[in-house]
Structures are given as C-alpha cells and as structure tokens.
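Here's the structure, in structure tokens; my notes come after.
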Amino acid sequence: MQLDAKNIGFRYGKSPWLFKGINFSMQPGEVVGLKGPSGTGKTTLCRILAGYEKPLEGKVTLGGKALPEIGYHPVQMVFQHPEKAVNPRWKMGKTLKEGGRPDDDLLARLGIQQEWLERLPNELSGGELQRFCVARALGPGTRFLIADEMTTMLDAITQAQIWHAVLHLAEKRKMGILVVSHDAKLMNRLCDRVIEL
Amino acid sequence: MPILEVENLSVTFRQYASGLKERNIRAISNLSVTLEQGEVLAVVGASGSGKSLLAHAILGILPANAETAGSIKYCGETLTAKRTQSLRGREIALVPQSVGYLDPLMRVGNQVRTAVRNGKPAEEQRKVFKRYKLKSVVEKLFPFELSGGMARRVLLSTAMVSGAKVIIADEPTPGLDPEALNEALLNLRELGDQGCAVMLITHDIDSALRIADKIAVFYAGTTVEIAPAKDFTGDGEHLRHPYSKALWGALPQNGFTPIPGSQPHSAALPPGCLFASRCEKATKECHQAQPDLRELRNGKVRCIHAT
Ligand SMILES: Nc1ncnc2c1ncn2[C@@H]1O[C@H](COP(=O)(O)OP(=O)(O)OP(=O)(O)O)[C@@H](O)[C@H]1O
Ligand SMILES: Nc1ncnc2c1ncn2[C@@H]1O[C@H](COP(=O)(O)OP(=O)(O)OP(=O)(O)O)[C@@H](O)[C@H]1O
Ligand code: SF4
Ligand SMILES: [Mg+2]
Ligand SMILES: [Mg+2]
C-alpha cells in the first residue's frame, strides 16, 4: 500500500503559506529522507502525514484511500522533542500501551529496561525517553513510520542500535520510513532517496 | 587554577519501590572533570550516562530526592547551595537540553530579554536573534509556535546574552540546520576565545571536534576517558578506552556498527569496571574493582588494560 501526498498546502492561521502543491509518494519498505532549512515546514508536513493536522489543500491517501479518522493510525510519527510527546503524569508503562501491546523482543532491541516502565518521564534521560516514543510508534498496525529527528538525542551506539532494529522491523513488515534529519551522513546511511522541502 | 572543578561527584536517587523496600539509583559515581578558562570542553558519551545531571548539579538544580557527594569548586571556592543560586544565570549559564524549559506563557523575545545582564535588553535580544537568523516576528511568538530548530536557537540566545563566564550547553544543537549549527559552534568557540569556559554536552561528535580543545567521554555515570580532541581520528587508534573506540566506530560516517548490549542499570552497578559486560578486552581483574582514572598519553583513562 503506497502512501501519497497530493497537492498539499498548509499555513498556520493567517500567516503566509508554508508550502503549497506538495506531491510525493512512498512505497512500502522504502526509506526516504526529507531535508530542508529550519522552519520550512518539515515537522508540519510530518504532522499532516501522520494525521495530527488536516491539510488546508490537497489530501493524503494510503493505498488510494483516505486515512482513517478513528482507531489506530497506520502512519505513526516520532517527534523531535520526546519530552513534549508524552504525558508527564503517566508512568512510562502506560504511555507505552498507547501503541498497543508492546512486544518484548522490540523493547529489548531498543534497549528499554523493564524497570523504566515504573518511572515518570522526568526520571529518564532524553535518550531513554525517546526509545519509548519509538517503541510506541511501532505497533503492529504501523505501515509507515515518520521519524522526525528521531535519534539526534541519542549517542552514536544507541542511534545505530535503534536504526538497525527499526530497519530490521521495516524489512520484515514492509514498513516505509520517512527520515527527517539535518545529519547528511546519517541520511546517506539510511535512505534510498532524499527529497528537499 | 581551573574555573570549574568537579571532584568525585556522586549523585544518587533514593526510590521507594513496592512496599517499604528502598532502592538507590546511582546515576553518577566518582566523576571528576575540570574546566579551564578559555577552554571548550566537549562532553560526549552514552545516553543516560549522567551528562545532564552533571550540568544540573553544577547549576544547583537537581531534583529534591537527589543526594550528592563530592565537591564542585568555582574559581577555587566550594559551591554551596546559596553560592550557586547567586551565580546561576550571572556567572554560570545553562543552555538546557529540554525545550520544556521555555516558559509556555511568555513570548520568546521577552524570555531572552529577562536574561540580559549587560546592555539594553531589547537591543541585545534583537542582536542575538539576528545572529541566529531568527526573523523579527519570532520575538512575538510563544514557544508552541516555534519549529524545533527555532526553539533551540532561542534557548541558545538566552545563555548568550547572559554575559556569564561559564556556559554549560546541554545538547544545544540537535535539529539545527547546517547554517544555524555553524553559527552556534562559532559563537561557543568565540566565547572560549574571549576567556569564558564552555562545557559543550553533545552527541554530535563531529561538531564537538570542530571547536573543542578536550573531550570527556562518559559511560554509566562516570568519566571513562579525557582526550585531546585531535585523538578522535582514523579508526580511533589514538583513543584510550574501549568504550570511546566503540562510540567512534558507531558514527554513521565511520562503521555505523553498534556493539551489543546496554549500559548497566544505575540501580545495579557491577563492582568492577562498569564497561566490563560489553568489553572484548575484559579479563578477570576487570571484574574486581572499578579502575581509577589514570594519566595516559596526555589524557586520562579509566581502564586497567589501556595503553
Ligand atoms: N502551532 C504553530 N502555530 C503557529 N506557527 C507555527 C506552529 N508550529 C510551527 N509554526 C511555524 O511554522 C513554520 C514551520 O515549522 P516546522 O516546525 O514545520 O519547521 P521545520 O522545517 O520542522 O523546522 P526545524 O528544522 O527547525 O525543525 C515555522 O516558521 C514555525 O514558526
Ligand atoms: N529524577 C530521577 N530519578 C531517577 N533517576 C533519574 C532521575 N533523573 C535522571 N535519572 C537517571 O539518571 C541517569 C542519567 O541521566 P541524565 O539525564 O544525566 O543522562 P544524559 O547523559 O544527559 O543522557 P541523554 O544523552 O539521553 O540526555 C539516567 O539513567 C536517568 O534515568
Ligand atoms: S578495565 Fe577491563 S573491562 Fe574495563 S574497559 Fe578496560 S579492558 Fe575493558
Ligand atoms: Mg522540525
Ligand atoms: Mg541529557
């Protein structure tokens, strides 16, 4: 099932159009990079693809059909700043369950320790928290993963571990990935192609 | 005399698990590091190795359930809670890792202005925004209206206008585009050259190498190596500690090959070398006692077999 963005246009309130006429498609299993200067709307576009925001023009379709408005969203996003993406009053175990039943093999591959499930977000380091956000986004129903600066908060070893785990899963499930990053060397490693916004 | 001297710092969190059982989470143990005037020291290492907690300990903003041991000296004088409070934001400034430190209800221009110590607040704020290519409309925005990179640049601006002598920059660059990254690095190096001391905590080793004099490598809450920046080159053959070599080899531009396993848990640290469970060079002696930080080839290392 391919993911299509057709003629997407968006702006915040009355401010000028951030972008108009954005067209692109992604195939299942494909790893695509998205780059562009700060403030050009990469995160905004990601939010539209993942259904957090409605495009003002154009539409996003999966396998030719509009994305579901209720139930599990097949396009899942991992945000740039994990501390803003989790409920500060929930223990991590509860946050994790938002993505469905977490699979133990995946948790281990992501280096998540069981004991962390009992902690609140502010009791974890930035990188530890981000691993939960990755795990949460990788529920069995995920067809496309939108990784917005997903591993910039992690050390190189953990970054490589997580990408190897995610790529492994993507291949197994034929899941597509959109990688947003300012790190050209990382993009080189991961992406089949890179588009610029 | 170093401007900042951290000696044998330990940070422990007391946690009450189920029932009355009490557990200690040792997030930092026997950590020593010094920062000289005019120097840029980069701190790199494992996620969860205590880098932010070190920053918070220096700034005196650890959570209430944290217990510390060891000492932190500023210009030779031991920092007490009271002294730290008077230095914070004036002499020592933090660029926090979390964008959550921005006040959600205050326009970002005003937030930066309240941090200005020398000169006219509005003027200084506009100058620094211009430098970081933040358009003039940005000063009127609230934090939720900023892109990721814009929020980082606002956090950086706040520390830059403070006129502080010591800048602790905790991950100031993730998500910055190449141009903004360049400006931030230049700015930090300039501060060093003007006689400030800069601690740059980062996962971006490439960037660190562009401006740092020394690099401290952290693992599981302690310093495993302190090396001149130039030792990070080639296959890492000049590096001293096996963890530093593994970290270098995992960079996308190097091998992108991670070593397996993860850091030991801070509630169950092993008695010996903290890296032993993942170290190919580990021998029986390594499991006995934690190696001391020792001098080696113009740097320091916490490994008994390093040469
Ligand atoms: N909730 C919002 N309300 C108003 N404006 C917003 C909002 N979110 C973002 N913006 C504006 O939209 C523009 C694009 O933001 P976006 O976060 O999509 O950029 P980006 O390309 O992801 O940048 P970066 O590389 O810095 O993360 C920015 O100018 C930002 O100020
Ligand atoms: N309030 C707390 N209670 C218990 N443990 C904590 C608390 N705050 C931090 N920790 C733990 O202390 C360790 C060090 O955290 P710290 O935030 O300093 O890591 P870091 O090196 O900055 O990591 P990152 O690179 O991911 O930001 C982590 O394992 C974290 O889980
Ligand atoms: S002390 Fe032993 S286990 Fe620790 S890093 Fe050195 S060789 Fe490896
Ligand atoms: Mg963004
Ligand atoms: Mg940190």
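The values are calculated or read from the model by the stated rules, or taken from the named source; none is laboratory data. Computed from a predicted structure; not experimentally measured. Reconstructed Cβ throughout: ideal geometry from the backbone, glycine too, with neighbour counts over all protein chains shown. What goes into the accessible areas is simple: the full protein's heavy atoms, side chains included, and nothing from ligands, DNA or RNA. Shrake-Rupley method; radii C 1.70, N 1.55, O 1.52, S 1.80 Å.
Is it true that A:G111 is within 10 Å of chain B (Cβ to nearest Cβ), on the phi > 0 side of the Ramachandran plot, buried (at least 18 other Cβ atoms within 10 Å of the Cβ) and small (G, A, S)? Spell out the reasoning first.
Details: within 10 Å of chain B (Cβ to nearest Cβ): yes; on the phi > 0 side of the Ramachandran plot: yes; buried (at least 18 other Cβ atoms within 10 Å of the Cβ): yes; small (G, A, S): yes.
Yes; evaluated as a whole, the condition is true for this residue.
A quick yes/no check of all residues on (1) more than 14 Å from chain B (Cβ to nearest Cβ); (2) more than 12 Å from the chain's Cα centre (by Cα); (3) more than 16 Å from ligand 5 (Cβ to nearest atom); (4) surrounded by fewer than 15 Cβ atoms within 10 Å (Cβ to Cβ):
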residue: A:K6; (1), (2), (3), (4): yes, yes, yes, no
residue: A:S15; (1), (2), (3), (4): no, yes, yes, yes
residue: A:I22; (1), (2), (3), (4): yes, yes, yes, no
residue: A:R47; (1), (2), (3), (4): no, no, yes, no
residue: A:G71; (1), (2), (3), (4): yes, yes, yes, yes
residue: A:V75; (1), (2), (3), (4): yes, no, yes, no
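Here is a yes/no grid of residues against (1) more than 10 Å from chain A (Cβ to nearest Cβ); (2) surrounded by fewer than 22 Cβ atoms within 10 Å (Cβ to Cβ); (3) away from ligand 5 (no atom under 16 Å from the Cβ); (4) free of Cβ contacts under 8 Å to residues at least 60 places away in the same chain:
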site: B:E225; (1), (2), (3), (4): yes, no, yes, no
site: B:D235; (1), (2), (3), (4): yes, yes, yes, yes
site: B:L247; (1), (2), (3), (4): no, no, no, no
site: B:L269; (1), (2), (3), (4): yes, yes, yes, no
site: B:C273; (1), (2), (3), (4): yes, no, yes, yes
site: B:E285; (1), (2), (3), (4): yes, yes, yes, yes
site: B:Q288; (1), (2), (3), (4): yes, yes, yes, yes
site: B:V301; (1), (2), (3), (4): yes, no, yes, no
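Would you point out the residue of the range B:130-163, among those that are in contact with a Gly (Cβ under 7 Å, 6 or more places away or on another chain) and more than 8 Å from chain A (Cβ to nearest Cβ), that is surrounded by the most Cβ atoms within 10 Å (Cβ to Cβ)?
B:R152
Is the range A:164-174 home to any residue that is facing another protein chain (nearest Cβ under 9 Å) and open to solvent by less than 40 Å² (accessible area, probe 1.4 Å)?
Step one: list which residues in the range A:164-174 are facing another protein chain (nearest Cβ under 9 Å), which gives A:164.
Imposing the further condition that a residue be open to solvent by less than 40 Å² (accessible area, probe 1.4 Å) reduces the set to none.
No: the range A:164-174 contains no residue that is facing another protein chain (nearest Cβ under 9 Å) and open to solvent by less than 40 Å² (accessible area, probe 1.4 Å).
Pull up the range A:1-17, narrow it to residues that are farther than 27 Å from B:F144 by Cβ and part of a loop (DSSP other than H, G, I, E, B), then point me to the one that is modelled with the lowest pLDDT.
Applying the filter and picking the extreme gives A:M1.
Quick one: is A:T142 open to solvent by 10 Å² or more (accessible area, probe 1.4 Å) and either in contact (Cβ under 8 Å) with a residue 12 or more places away in the chain or within 16 Å of ligand 1 (Cβ to nearest atom) (or both)?
no
Taking B:S98, is it within 11 Å of chain A (Cβ to nearest Cβ), touching an Asp or Glu at 6+ places or on another chain (Cβ under 6 Å) and under 22 Å from B:E171 (Cβ atoms)?
Judged against the criteria, B:S98 is a match.
Can you pull out the residues in the range A:160-194 that are at pLDDT below 95, within 16 Å of ligand 1 (Cβ to nearest atom) and of a type in the set (A, V, I, L, M)?
Across the range A:160-194, the qualifying residue is only A:A184.
Kindly indicate whether any position in the range B:41-51 is surrounded by fewer than 22 Cβ atoms within 10 Å (Cβ to Cβ) and in contact with a strand residue (DSSP E or B) (Cβ under 8 Å, 6 or more places away or on another chain).
Within the range B:41-51 (the criterion being surrounded by fewer than 22 Cβ atoms within 10 Å (Cβ to Cβ) and in contact with a strand residue (DSSP E or B) (Cβ under 8 Å, 6 or more places away or on another chain)), the answer is no, since none of the residues qualifies.
Could you say whether any residue in the range A:86-96 is closer than 18 Å to A:V134 by Cβ, out of contact with any Ser or Thr (no Cβ under 8 Å at 6 or more places or on another chain) and within 16 Å of ligand 1 (Cβ to nearest atom)?
no
Quick one: how many residues across the range A:138-163 are aromatic (F, W, Y) and more than 14 Å from chain B (Cβ to nearest Cβ)? Step through it out loud before you land on a result.
First pass over the range A:138-163, keeping only residues aromatic (F, W, Y): A:144, A:163.
From the residues that got through so far, the ones that are more than 14 Å from chain B (Cβ to nearest Cβ) too are A:144.
Count: 1.
Please work out if A:R189 is under 30 Å from B:G50 (Cβ atoms) and either more than 16 Å from ligand 3 (Cβ to nearest atom) or surrounded by fewer than 18 Cβ atoms within 10 Å (Cβ to Cβ) (or both). Step through it out loud before you land on a result.
Numbers: under 30 Å from B:G50 (Cβ atoms): yes; either more than 16 Å from ligand 3 (Cβ to nearest atom) or surrounded by fewer than 18 Cβ atoms within 10 Å (Cβ to Cβ) (or both): yes.
It is true that A:R189 is under 30 Å from B:G50 (Cβ atoms) and either more than 16 Å from ligand 3 (Cβ to nearest atom) or surrounded by fewer than 18 Cβ atoms within 10 Å (Cβ to Cβ) (or both).
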